[in-house]
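The values are calculated or read from the model by the stated rules, or taken from the named source; none is laboratory data. All of these numbers come straight from a predicted model, not from anything done at the bench. Cβ sites come from the backbone with ideal geometry, for glycine too, and all protein chains shown count toward neighbours.
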Amino acid sequence: MYNIVDLLKKKRLGEELSWEEIEFFIKNIKSGGIREAQIGAMLMAFQMSGLTDVEVELLMKAMLFSGERLSWPADWDKSLVSIQSTGTTGNKAKVILAPTLAACGIKCPILSARGVVNVGGILGKLVTVPGFTGAYTFDEIKKLLSDIGCCVVQQPQDVAPAEREVRDTASIIGAFHNNSIKAACLIARVTAMHLHADVIEIVCGPSESLKTREEGNDLVAKIRDLSRMMGVRCQVLLTHVNGPVGKMIGQSLEIQEAIWCLNGEGPPDLFELVCTIGGHALHVAGKADSYEKGQKMAAHAIKTGSAKKKFMDMLHAQGVSKQNVKDLFKHRKIESGLSPVLPVAHYFTHLSAEHTGFVHNLNLTTLNEIMHELVRRGTTNSACVGGIQLLVQVGSYLNRGEVWAKIHHHVKLDEDQTNKLNTAITLRLDPPLYDMTIDVKEQ
């Protein structure tokens, strides 16, 4: 019989855990046989001492076997594709991708890896739309896909439940930046979903948890090895960014920007990212003969309004009233720039350039820190409305005194927060190169 304290001591000394020891750890997570503090301590031991390739494989399999593997209708075999992403600040691409792929004939379930309470999760964005709900049984998820072709829902309780606990705990204690833990969780979840194929986007950049392409490539290699081992068909994309995707950061703000994109009015870089990922998804699913044809199909679905129609149908099917769905897509010019259906902040603070120059950097780490501080200090509704509306991007030219961002917040900014926000932009006299590149990794 194993003891969690003994396993902790062993891992802290850098020794390799056996299958039986890792299985004991994961089974007790599921059963509640060990305390949250002990789970955190073990994950921190993984972080500090590292995991061998064998341990990563065993951890992934133990989390996978902690729940059920989904079973889909046989005639859906080649049409089920989902999108996984390590995420990037302001990245609302998956909100747009689900209906876009559905409009192209794919059944696209987005099973949110994070709960509604998470400030950055896709469900956290969508629940800012009044009435939207993401809690469904597996049978209900199948009906949504049958009727609409796409859905954004919480990960069902019986899909790799220990993986969810490991992931959430690792995020809280800061261990989820570990590529071994991240890869094990991702492939455990993807394997349990049992789809025809997955497109996995890995994001790296100065303001991401993965700072460099080297760190991104390390995670790509781990994902590739585990997916091949489990027979999971996936296309891995490595996206390098030196700024936000689009210009909105925050829950309701990102939903508004997604709506603009589906209306054909979104930022070019967001539209490009959606079409690029969508093109690869359509190609890997066999809906397009090549990535280029898939990219054109995705662009066509947005430009013709068929993706918008799918999104509206999905919102209504997931609890939003027909009137609110209709009002979301109305063209209105109001002070906040948001549809009145979405929650609006009490305060708006404009940030102005302190001198003249080209925008070389927007420090998203600083912007995020302030946004999360405002959420913690505010009401429950603050998480929905707090955010940053960027009026520039890397490469923009600003004159002294010109506004570069608008902060949406429920509680007033203090002097320290205002000063920090003003340091989040770097201006120089020489123009920079805006860099968003997507490297396609072999399947």
Candidate set from region 23-63 (those that are under 26 Å from the mean Cα position of the chain (by Cα) and either of a type in the set (Val, Ile, Thr) or not in a helix (DSSP H, G or I) (or both)); member that is farthest from Asn178 (Cα to Cα) = Ile29
Count - residues of region 3-26 that are surrounded by 16 or more Cβ atoms within 10 Å (Cβ to Cβ) and under 16 Å from Glu55 (Cβ atoms) = 11
Restricting attention to region 257-279, which residues are surrounded by 24 or more Cβ atoms within 10 Å (Cβ to Cβ) and either outside any helix (DSSP H, G or I) or of a type outside the set (A, V, I, L, M, F, W, C) (or both)?
-> Glu257, Gly278
Among the residues listed as Arg189, Arg167, the single one being closer than 27 Å to Gly50 by Cα and not assigned by TED's automatic domain parsing to the domain that holds Asn242 | Arg167
Residue satisfying all of: in region 295-304; out of contact with any Phe, Trp or Tyr (no Cβ under 9 Å at 6 or more places or on another chain) and touching a residue at least 40 places away in the same chain (Cβ under 8 Å); surrounded by the most Cβ atoms within 10 Å (Cβ to Cβ) among these = Ala298
Leu144, sole failed condition from (1) at pLDDT 95 or above; (2) in a loop (DSSP other than H, G, I, E, B) | (2)
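Kindly check whether there is at least one residue in region 83-95 that is in contact with a Gly (Cβ under 6 Å, 6 or more places away or on another chain), buried (at least 23 other Cβ atoms within 10 Å of the Cβ), assigned to a loop (DSSP other than H, G, I, E, B) and touching a residue at least 12 places away in the same chain (Cβ under 8 Å). Steps first, please.
If we filter region 83-95 for residues that are in contact with a Gly (Cβ under 6 Å, 6 or more places away or on another chain), which is where we start, we get 90.
Among the residues that remain, those that are also buried (at least 23 other Cβ atoms within 10 Å of the Cβ) are: 90.
From what's left, assigned to a loop (DSSP other than H, G, I, E, B): 90.
The next check asks that each one be touching a residue at least 12 places away in the same chain (Cβ under 8 Å); those that pass are 90.
Yes: one or more hits.
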Is one or more of the residues making up region 361-378 at pLDDT below 90 and over 25 Å from Thr86 (Cα atoms)?
-> yes
Got at least one residue in region 306-328 being buried (at least 18 other Cβ atoms within 10 Å of the Cβ) and part of a loop (DSSP other than H, G, I, E, B)?
-> yes
So, in region 413-443, of the ones that are touching a strand residue (DSSP E or B) at 6+ places or on another chain (Cβ under 6 Å) and assigned to a loop (DSSP other than H, G, I, E, B), which residue ends up modelled with the highest pLDDT?
-> Leu429
Being in contact with a His (Cβ under 7 Å, 6 or more places away or on another chain) and at negative phi is the filter here, so list the residues in region 242-256 that pass it.
-> Leu253
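With respect to Gly286, determine if the residue is modelled with pLDDT under 90, outside any helix (DSSP H, G or I) and farther than 28 Å from Leu59 by Cβ.
no
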Residues of region 385-402 being in contact with a His (Cβ under 8 Å, 6 or more places away or on another chain), surrounded by 12 or more Cβ atoms within 10 Å (Cβ to Cβ) and over 17 Å from Leu364 (Cα atoms), in sequence order, are Val385
Identify, from the list Met44, Met48, the residue that is closer than 16 Å to Lys10 by Cβ and without any contact (Cβ under 8 Å) to a residue 60 or more places away in the chain.
-> Met48
Restricting to helices (runs of 4 or more DSSP H) lying wholly in region 149-249: which have 3 or more residues that are under 15 Å from the mean Cα position of the chain (by Cα) and surrounded by 22 or more Cβ atoms within 10 Å (Cβ to Cβ)?
-> 179-193
Which number in (1) within 30 Å of Thr366 (Cα to Cα); (2) assigned by TED's automatic domain parsing to the domain that holds Leu226 marks the one condition that Ala41 misses?
-> (2)
